[in-house]
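J.: Let me give you the structure first, and then I'll get to my questions.
The values are calculated or read from the model by the stated rules, or taken from the named source; none is laboratory data. Just so it is clear, the structure is predicted and the values come from calculations on it, not from any experiment. FYI the Cβ positions are ideal-geometry reconstructions off the backbone, even for glycines, and counts take in every protein chain you see. What goes into the accessible areas is simple: the full protein's heavy atoms, side chains included, and nothing from ligands, DNA or RNA. Shrake-Rupley method; radii C 1.70, N 1.55, O 1.52, S 1.80 Å.
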Amino acid sequence: MTRVDQFESAFRAADKPVFEFLQPMVERALVVTDLRGADATAFRNRVRDFLAVLGNGVQWDLDDGDSFTTIEALLERVNMRNPDLICTYRSLHSEAWRWPYSLGEYLDVLTQVAPCPVLVFPHPRADRTNGHTLQSTDIVMAITTHLAGDNSLVNNAAGFTNNGGTLWLAHVEDEKSFSRLMDTISKIDAIDTDTSRERILAQMLREPSDYIRSCKEVIASHRPSVHVEKIVTVGGRLVEFRRLIDKYTVDLLVMYTKDADQSAMHGLAYPLAIELREIPLLLL
Amino acid sequence: MNPAAFALTGAAQQGHDVAQVPVGVTLLFTALLMAMILCLALEEKLHAKKSVIVGLFAVVTLLLGAAFDLLPFGSVLVGGHEIDLPVYVPAIDWNVIAIILGSSLFVDVTSRSGLFTWIAITLTKTSGGDPLKLLVYYGVMTVVFSAVLNNVTAMIIVGSLTGVSLNRLARSNLLLGFLITEALLTNVGGLLTLISSVPNIIVGTAAGISFIRFFVVAGPFVLVATLVTLWLGARVFNIRRLVTPEEREQAARLVAGFDERDGIESQAFFWFGTAMLIAFIAVIATTSVLPLIQDLGMGYVAITFGVIMLLRFKAIADKFYQAIDWDLLGFFAALFVVINVMEHALVLELIGEGLAHVIGLGDTLGAGLIVVLGATVSSVTDNIPLAAMLAKILTAHPVIGSDPDSPFWWAVVFGANLGGNLTPIGSASTLVAVTIIHKYELNLSFVGFVKRALPFAVVQILLAVAYIVLFV
């Protein structure tokens, strides 16, 4: 009966997720800051300029440092305003932004509770941008460890990419996990190790590559001015993502943070959100 | 027809004195044959492969045959040369073995071209995900694949695609109906050509029926039986067309994700595989009229095409040898040995005498009865021993043996093939279908299968009886 499995595998491999374009709708954006007065307004304006791609039809609300002093109060305001996008930064009402070890209690909760994407900017007082201009979203990168079929991630990333800009779709397979899997396989005599290594890796990389091809075709028909580029590779996730972000001087990084099985940010998102402090992050 | 005139001459022809075989010895070997058939029927319960079961009976019957002095030891004449061969070597029909070996090798290598998956996925996309269209397309594909390849390969390809595509369409509730209908169609498609199933090869070769003649006779029945089976399948399993435009749009979007070119590693090899498949069918179909080839036979053709396809993978040919179903080949070889010993023990003559009464009923009632009896026996045990045994008996018949157009040959072919639809153990392809059904954790017992398949099988068998009586 091996051949049933062989043909099933062939048909499953041929069953590929097809990208469906859906422009993310942002009609109300909420800027949350612990700044006050003119500083808060200036921050909101910077955010608005940065997100010019969203157009002029967006209503920009502002909750400044006086409007909340507790997490509960912030969540109440978010519920009341019902935004399509929240723009903020790390370590609200805290000095912890100086140390790259947490997002701060407000953002920790907000990323998991907010019903909409959260765009995390570098802290206004931080001066490390590593050459990133924070001017526009000309170069956007969507990163994930499982890109195939992730329409929402790609649509959001495409929606935030400026006309004439470049959208990088990056899929990085974790080298350590793969090595651990192969180490286990190498101890099972019924499975050919060399063939497995070659075929598993090829299939792992093929799926996101096929999906990105589908994304390119579909996005080209809806947003012809956006260039879609592919990155499918194997490596240490954190190191590899950081290398890619620096290499392509990314203006905006898009990634998932929610995990259906847990109430905290999913494994990779948290360290990335903490360590990548120089560029804006769109957390879905 | 005089039943007394129907007697086997096989043993006598080989210089063995028929009168010297005591009745008790014949009955002992008859009991052994019955035991072997019973063991094959209980193959799943015994957890033993067919080759091991029949292999064991082959060594036991050979030993007993030697002990009772039944076997024609000594040299054999091959092309005018006397050659010393073990007594069990000429007992095997090597042409049948070569056809099966060559065909399976050819099909296995050709499937690497992506041709079969391309056809299957293209049809899936063409259906737009409509369940009724899918049933019709998969049904026709099952019949064609069963005819061109073999029924087991057809069931594997179509069955595995059915599981994946219905799952994709979120219509797993239809999976059972699809798989049962397809399983029932494998044995209908298996009737289409001389090489579509092993009983066809055995009976067709024994009767001297050409490939074209086989196709011309079986074709109309296969067409009607396919249409009736699909119609029944749609009704019994409530498989209907999509009604609303939204449903159709959603289904089309879901199947659009299938990439028919995914399995094609090399465009050149894809076209080569396609050309070779067409050439294979053409050469097999015309083997009986091609100069030189007609002497070498269909086994040679099958092996040749298998070897040509292997050239593409010459460095890893051993992987394809490993994939050959050696259990099936071992089973056939051992079966031929057992049947040969049974012939020397006059068991076939004994069965032939019983069968002579049925044949004596005439071309209408006799042939009709053989379809029904053949189908009944095939439903509980392997149809190959039955086909091999009946072919041997009919070959020895003074009238039928020399008449390839006799309806009795067709009665054996139709009965042996369609009987496989009565129970899940009736044929290898229904067994494959049940295995896929269980793989998807669908609840289907032996009785459950019989209940669902019985109306289909009865209609098919009645159609076959009517067809043979009226048209053959």
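J.: Please work out which one of (1) of a type in the set (Gly, Ala, Ser); (2) open to solvent by 40 Å² or more (accessible area, probe 1.4 Å); (3) without any contact (Cβ under 8 Å) to a residue 24 or more places away in the chain is the condition A:Ala73 fails and give its number.
T.: (2)
J.: Of everything in segment B:192-206 that's open to solvent by 10 Å² or more (accessible area, probe 1.4 Å) and assigned to a helix (DSSP H, G or I), which residue is nearest to B:Val432 (Cα to Cα)?
T.: B:Val198
J.: While we're looking at this one, here's another question. Evaluate segment B:105-123: report whether one residue or more is farther than 30 Å from B:Asn238 by Cβ and more than 14 Å from chain A (Cβ to nearest Cβ).
T.: Yes, segment B:105-123 contains at least one residue that is farther than 30 Å from B:Asn238 by Cβ and more than 14 Å from chain A (Cβ to nearest Cβ).
J.: Restricting attention to segment B:140-148, does a residue exist that is surrounded by fewer than 22 Cβ atoms within 10 Å (Cβ to Cβ), part of a helix (DSSP H, G or I) and within 14 Å of another protein chain (Cβ to nearest Cβ)?
T.: Among the residues of segment B:140-148, not one is surrounded by fewer than 22 Cβ atoms within 10 Å (Cβ to Cβ), part of a helix (DSSP H, G or I) and within 14 Å of another protein chain (Cβ to nearest Cβ), which makes the answer no.
J.: Pull up segment A:13-25, narrow it to residues that are free of Cβ contacts under 8 Å to residues at least 60 places away in the same chain and outside any helix (DSSP H, G or I), then point me to the one that is nearest to A:Cys215 (Cα to Cα).
T.: A:Asp15
J.: Still on this structure, I have one more. Could we say that B:Thr126 is hydroxyl-bearing (Ser, Thr, Tyr), open to solvent by 40 Å² or more (accessible area, probe 1.4 Å) and more than 13 Å from chain A (Cβ to nearest Cβ) here?
T.: yes
J.: Now, a different point. List pairs: first in segment A:185-203 and on the phi < 0 side of the Ramachandran plot, second part of a loop (DSSP other than H, G, I, E, B), Cβ under 8 Å, 6+ apart or cross-chain?
T.: Close Cβ pairs (under 8 Å, with a partner that is part of a loop (DSSP other than H, G, I, E, B)) amount to A:Ile185/A:Ile191; A:Thr193/A:Ser186.
J.: Next question. Tell me, please, whether a residue that is in contact (Cβ under 8 Å) with a residue 60 or more places away in the chain and more than 14 Å from chain A (Cβ to nearest Cβ) can be found in segment B:150-169.
T.: No; the residues of segment B:150-169 include none that is in contact (Cβ under 8 Å) with a residue 60 or more places away in the chain and more than 14 Å from chain A (Cβ to nearest Cβ).
J.: I need a count of the residues in segment B:85-102 that are touching a strand residue (DSSP E or B) at 6+ places or on another chain (Cβ under 8 Å) and over 21 Å from B:Tyr300 (Cα atoms).
T.: Residues in segment B:85-102 being touching a strand residue (DSSP E or B) at 6+ places or on another chain (Cβ under 8 Å) and over 21 Å from B:Tyr300 (Cα atoms): 1 in total.
J.: Restricting to segment B:241-268, name every residue that is loosely packed, with under 15 Cβ neighbours inside 10 Å and touching a helix residue (DSSP H, G or I) at 6+ places or on another chain (Cβ under 6 Å).
T.: Across segment B:241-268, the qualifying residue is only B:Arg241.
J.: For segment B:323-334, check the following and say yes or no: at least one residue is without any contact (Cβ under 8 Å) to a residue 60 or more places away in the chain and surrounded by fewer than 18 Cβ atoms within 10 Å (Cβ to Cβ). Break it down stepwise before answering.
T.: At the first step, the residues of segment B:323-334 found to be without any contact (Cβ under 8 Å) to a residue 60 or more places away in the chain are none.
No, because not a single residue in segment B:323-334 is without any contact (Cβ under 8 Å) to a residue 60 or more places away in the chain and surrounded by fewer than 18 Cβ atoms within 10 Å (Cβ to Cβ).
J.: Yes or no: B:Leu346 touching a Ser or Thr at 6+ places or on another chain (Cβ under 6 Å) and more than 25 Å from B:Ala48 (Cβ to Cβ)?
T.: Spelling it out, B:Leu346 is indeed touching a Ser or Thr at 6+ places or on another chain (Cβ under 6 Å) and more than 25 Å from B:Ala48 (Cβ to Cβ).
J.: Still on this structure, please answer the following. Inside segment B:160-191, can you point out the residues that are buried (at least 24 other Cβ atoms within 10 Å of the Cβ) and in contact with an Asp or Glu (Cβ under 6 Å, 6 or more places away or on another chain)?
T.: If the condition is that a residue be buried (at least 24 other Cβ atoms within 10 Å of the Cβ) and in contact with an Asp or Glu (Cβ under 6 Å, 6 or more places away or on another chain), then B:Ser160 is the only one that fits.
J.: Every residue in segment B:382-396 that is more than 13 Å from the chain's Cα centre (by Cα) and open to solvent by less than 10 Å² (accessible area, probe 1.4 Å), please.
T.: Hits for segment B:382-396 are B:Ala391, B:Ile393, B:Leu394.
J.: Just the residues that are part of a loop (DSSP other than H, G, I, E, B), open to solvent by less than 10 Å² (accessible area, probe 1.4 Å) and either closer than 28 Å to A:Trp99 by Cα or modelled with pLDDT of 95 or more (or both), please, taken from segment A:128-159.
T.: A:Thr137
J.: Identify the residue in segment B:236-281 that is charged (D, E, K, R) and more than 14 Å from chain A (Cβ to nearest Cβ) and, among all such residues, is farthest from the chain's Cα centre (by Cα). Break it down into steps so the answer makes sense when it comes.
T.: Narrowing segment B:236-281 to residues charged (D, E, K, R): B:240-241, B:246-249, B:253, B:259-262, B:265.
Add one more test, that the residue is more than 14 Å from chain A (Cβ to nearest Cβ), and what stays is B:240-241, B:246-248.
Numbers: B:Arg240: 31, B:Arg241: 33, B:Glu246: 43, B:Glu247: 39, B:Arg248: 38 Å.
Within segment B:236-281, the match that is farthest from the chain's Cα centre (by Cα) is B:Glu246.
J.: Let me ask another. Sort out which residues of segment B:69-89 are modelled with pLDDT under 90, of a type outside the set (A, V, I, L, M, F, W, C) and either under 24 Å from B:Val25 (Cβ atoms) or surrounded by 14 or more Cβ atoms within 10 Å (Cβ to Cβ) (or both), and write them in order of number.
T.: B:Pro72, B:Gly74
J.: Kindly indicate whether B:Arg240 is at pLDDT 90 or above and not acidic (Asp, Glu).
T.: Numbers: at pLDDT 90 or above: yes; not acidic (Asp, Glu): yes.
Answer is yes for this residue.
J.: What about B:Val222, is it closer than 19 Å to B:Pro407 by Cα, more than 14 Å from chain A (Cβ to nearest Cβ) and in contact (Cβ under 8 Å) with a residue 40 or more places away in the chain?
T.: The answer is yes for B:Val222.
J.: Please pick out the residue among B:Ser429, B:Ser445 that is of a type in the set (Ser, Thr, Tyr) and either more than 24 Å from B:Ala218 (Cα to Cα) or more than 14 Å from every other protein chain (Cβ to nearest Cβ) (or both).
T.: Details: B:Ser429 fails: either more than 24 Å from B:Ala218 (Cα to Cα) or more than 14 Å from every other protein chain (Cβ to nearest Cβ) (or both).
Answer to the selection: B:Ser445.
J.: Additional query: Report, by residue number, each residue of segment B:372-381 that is over 18 Å from B:Glu353 (Cα atoms) and crowded, with 24+ Cβ neighbours inside 10 Å.
T.: The answer is B:Ala375, B:Ser378, B:Ser379.
J.: Scan segment A:7-31 for residues that are at the interface with chain B (Cβ under 8 Å from one of its Cβ atoms), within 30 Å of B:Val107 (Cβ to Cβ) and open to solvent by 50 Å² or more (accessible area, probe 1.4 Å) and jot them down.
T.: The answer is A:Arg12, and nothing else.
J.: Continuing with the same structure: Might you let me know whether segment B:314-322 holds any residue that is hydroxyl-bearing (Ser, Thr, Tyr), open to solvent by less than 50 Å² (accessible area, probe 1.4 Å) and either farther than 25 Å from B:Gly79 by Cα or without any contact (Cβ under 8 Å) to a residue 24 or more places away in the chain (or both)?
T.: Step one: list which residues in segment B:314-322 are hydroxyl-bearing (Ser, Thr, Tyr), which gives B:321.
Right, trim to open to solvent by less than 50 Å² (accessible area, probe 1.4 Å) and you get none.
No, because not a single residue in segment B:314-322 is hydroxyl-bearing (Ser, Thr, Tyr), open to solvent by less than 50 Å² (accessible area, probe 1.4 Å) and either farther than 25 Å from B:Gly79 by Cα or without any contact (Cβ under 8 Å) to a residue 24 or more places away in the chain (or both).
J.: Can you list the helices (runs of 4 or more DSSP H) lying wholly within segment B:242-344 that have 1 or more residues being of a type in the set (Asp, Glu)? Give the steps one after another, and end with the answer.
T.: Numbers: elements: B:245-256, B:267-285, B:293-310, B:317-323, B:326-344.
Because the criterion is at least 1 residues that are of a type in the set (Asp, Glu), the helices (runs of 4 or more DSSP H) in segment B:242-344 that meet it are B:245-256, B:293-310, B:317-323, B:326-344.
J.: Give the residue that is most open to solvent (accessible area, probe 1.4 Å), with candidates limited to residues of segment A:32-43 that are touching a residue at least 40 places away in the same chain (Cβ under 8 Å) and hydrophobic (A, V, I, L, M, F, W, C). Spell out the reasoning first.
T.: Here is the first cut: in segment A:32-43, the ones touching a residue at least 40 places away in the same chain (Cβ under 8 Å) are A:32-35, A:39, A:43.
Within this subset, residues satisfying the condition of being hydrophobic (A, V, I, L, M, F, W, C) are A:32, A:35, A:43.
On the way: A:Val32: 0, A:Leu35: 41, A:Phe43: 5 Å².
Within segment A:32-43, the match that is most open to solvent (accessible area, probe 1.4 Å) is A:Leu35.
J.: Another one. Checking the conditions here, which among A:Arg3, A:Arg48 is among the basic types (Lys, Arg), within 14 Å of chain B (Cβ to nearest Cβ), assigned to a helix (DSSP H, G or I) and open to solvent by 30 Å² or more (accessible area, probe 1.4 Å)?
T.: Going through A:Arg3, A:Arg48 in turn, the sole match is A:Arg3.
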